[in-house]
Structure formats: structure tokens, C-alpha cells
Protein chains: 2
Amino acid sequence: MVPGLLLVISGPSGAGKGTLCQALREEMPEIVYSISATTRQPRPGEADGKNYYFVDKEKFQEMIAAGAFLEWALVYDNFYGTPRRPVEEALAAGKDIILEIDTQGAAQIKKSFPEGVFIFILPPSLAELEQRIRKRGTETAEVVARRLQAARAEIAALHNYDYVIVNDKVEEAVKRLKAIIIAEKCRPQRLNLKLEG
Amino acid sequence: MVPGLLLVISGPSGAGKGTLCQALREEMPEIVYSISATTRQPRPGEADGKNYYFVDKEKFQEMIAAGAFLEWALVYDNFYGTPRRPVEEALAAGKDIILEIDTQGAAQIKKSFPEGVFIFILPPSLAELEQRIRKRGTETAEVVARRLQAARAEIAALHNYDYVIVNDKVEEAVKRLKAIIIAEKCRPQRLNLKLEG
């Protein structure tokens, strides 16, 4: 059995990772999507066990202690983490799995899964990112400023990634994401070659 | 200006490189195709300056001496070579260029262009390759045996390539080739990022 692809989708907050992953999910329903656990409050429309596993801080820290996370991070005063077992099970079963995580989490994943495919989602410009973050309208000025500063630091890290997708138009970005998945399946180390001779 | 992609399509004789490149050429006419020079005789339907530059051995050796080839090789008693200038001009102008060459030539190109994208075209099995080579019907038994032996040695080299495309169905293989081109344009080192901040 050829193991599945571990696809790590990361990038600054506000780059449109979520929209992109949602669009890909509709086109490629066979891919498994990792569901993160978080201590942050659900936003309107978010459901427990669908968008996130919403847990309290005590529970989250118990899970850290039990080694239940592949990676976890503290971002904007909230914990986020990737449950380990679903990822390991999907890959062992030959299924591709997508992790949509922040750059701190992606860096942790890269240590334990260097064979993963690391994809950085970049907004067309930081100026546009700023607009998007402001337009969301649900954050205070302080939160917006902190996010922009974080975004700039994160963008500097894009050279550690295998691919960068500039998220100018969602349909174009999804096309590139699909192309990356197809291309990565053509890597010689991932082929299960059965040559007779 | 972001330099174009240098796409090197290689693999054993009989793997279907020519058919695949022809199909890609119809779908992506914007890509430049390198035309090799060779001392072999034209096959029926082949035109000078279109499929190859057909030159005699004396002329070919003059070109070698003049440094006019990016790579050249002696294969089955005939010389094949890639003229240097069209490749360098295309890349400098930001155009993608495809070289369809044997594995000896690909190995030479890799020394001078490590940033190229090296794609190995593999027939579904050596048994099928054998059939295809025999079916061509224009070769002697000795030539067929020599080609098969060469093919086996070449297949062993596929782990030196960035991608391997199993050429089971041409339309599927072309899809994968197109995906590789799109994906490679998402490499961070190839992006011409203009970030404001």
C-alpha cells in the first residue's frame, strides 16, 4: 500500500485558507480533512465536530499531556491542535489527508512528517490581507494590528514551504491546489512501481 | 522577469515520450519545444526543422566543437544534441521550454540546469514496452534486444527524476504533465513576489 499524501495548508490568518479548503472539499470529497481541536469560541455557523472540536482549556491540556496531538499551538490566547490518530490512520489506509493549520503548527508537523506536502496560501498582497481582516469586522483594532504583524512574520517563512499559492481568485487557487496533488502523486518515492523485466 | 521553466521529458525509448509531447503541444501551444539536431535518417513523415534538424556527422562534430550544444549523446550509432541558444533565449524571455531527450542527455542537462524540472516517462511495464518496440516493426531483432536492455538500465535511473509519469493512457499522462507544470509554477523560488507591507 502506498501511504496517502499529507497535505499541510498553511499561511497567514486572513489569506483565505478556509474558503480554499472548502472549495477543494467539494471537488475532491475523497480527501480526508483533519478536524482541529480548539479552545476558542465557535463563530456563528460553526459546528462542533465539523469545523472544530470545541473543548475547554482543561480538556485541551489533558489531551496535550496524553500525547493526543500531532501538533498544538497557542494563537491569540487560544489553543489549537491536530488530533494525532485520524491523521495516522488515514495515511496508513492510503488516503490523502489535508491539515489546514497556522504556520506554527505547520512547522511542528514538518519535524515529524518531513515527507508531507507543505503549501503556503498567500493573499495577493498584504494590503489586501489588511482589508480582508478589517472587513471581517468582528475584531477590535488591537486584534487587527496584531494579526497584520503576525501575517508579515508568517509570510517571511514561505520559503520553507514546498509550494506557494497566491489566493487571488478562489477557482484559480483551487486549480493550482489540485494540480499540486496530482503532481505530488507522480513523485518517484510515492510510486508503487511493479516493473517486470 | 521570472525565468521560464525548463521541462526535461525523458525515459526509455518506446515509452511514448513523442506522443505525449505532441498531445501536450496541442493543448499548450504557448510552450516552446526544443528541436534536437540528429545524424540519424528521417523516419517517414519527419521534416527537417520540425521534428529534428537533420545534419550529417561532420556538421554535428563541428557544432560540438563550437559549443553549440547544451548536451549531446551518441545513441544507437547516431548523434543527438540540443542546440543551446534557443533554450537559453526562451528561458531568459520567461517562456517555458520542453526538451524531449534520452536519459543520457537528461543527465547532462541536470548538471548545467539543476533548477530544471526532470520528468521520467515510464511505460506501464517493461513487457508492454517490449511489445511496443516490437510492434513498431521497423527494427531488426538485434536493435529490439539492444533497446530493451537500454530501457531496463534507464528505468533504474528514474529515482534521479523529480517526477515519474506512467504512460498508461495518453490523456491521463497529459493531465499529469499539465498538473506538474502548474504545480512547479507555485514553487516559492519561482514566484516573483511583490509584497507591500
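Values quoted throughout were computed directly from the atomic coordinates according to the rules given, and no laboratory measurement underlies them. Since this is a predicted model, take the numbers as computed values, not measurements. Note that each Cβ is placed from the backbone with ideal geometry, even for glycine, and that neighbours are counted across all protein chains shown.
As a length-normalised measure over Cα pairs under 8 Å and 6 or more apart, the relative contact order of the range B:6-190 settles at 32 percent.
Counts of other chain beta carbons within 10 angstrom of each beta carbon in peptide A:173-184 average 5.
As a test of the formula, what do you get for chain A when each DSSP H run with n ≥ 4 contributes -39,500 (n - 2.57) and the sum is divided by the residue count, at 222 nm and rounded to the nearest 500 deg cm²/dmol? Counting only the DSSP helices, I get -12500 deg cm²/dmol. Quick one: among A:GLU172, A:GLU26, A:GLU115, which has the greatest mean-square fluctuation in a GNM of chain A with alpha-carbon springs under 10 angstrom? Residue with maximal mean-square fluctuation among A:GLU172, A:GLU26, A:GLU115: A:GLU26. Around the Cα centre of the protein assembly as shown, unit charges on the Cβ atoms of Lys, Arg, Asp and Glu (plus for the first two, minus for the last two) sum to a dipole of about 20 debye. Per-residue shielding of B:115-123, expressed as the average number of other chain Cβ atoms within 10 Å of the residue Cβ, stands at 1. Here the residues B:ILE101, B:ILE180, ranked from fewest to most Cβ neighbours within 10 Å of their Cβ, fall in the order B:ILE180, B:ILE101. By DSSP, the beta bridges lying fully in the protein assembly as shown are antiparallel in about 30 percent of cases. Placing a label point 7 Å from Cα along the Cα-to-Cβ direction at A:GLU62 gives distances to the equivalent points in the other copies of 8.5 nm, listed shortest first. Label-point spacing at A:GLY18 relative to the other copies reads 5.5 nm, in ascending order, each point sitting 7 Å out from Cα along Cα→Cβ.
The GNM of chain B, with springs linking C-alpha atoms under 10 angstrom apart, assigns the highest mean-square fluctuation among B:ILE109, B:ILE64, B:ILE31 to B:ILE64. Just for chain A, what percent of DSSP beta bridges are antiparallel, to the closest 5? Restricted to chain A, the bridges split so that about 30 percent are antiparallel. In nanometres and ascending order, the distances from the A:VAL170 label point to those of the other copies are 3.8 (point 7 Å from Cα along Cα→Cβ). A DSSP coil position with no more than 16 other Cβ atoms inside 10 Å describes the following trypsin sites (Lys or Arg not before Pro) in the range A:1-79: A:ARG40, A:LYS50. Arranged from fewest to most other beta-carbon atoms within 10 Å of their beta carbon, A:LEU7, A:LEU158, A:LEU148 become A:LEU148, A:LEU158, A:LEU7. For chain B, set up a GNM with springs between Cα atoms under 10 Å and report which of B:VAL143, B:VAL170, B:VAL117 has the largest fluctuation. Result for chain B, Cα springs under 10 Å: B:VAL143 fluctuates most.
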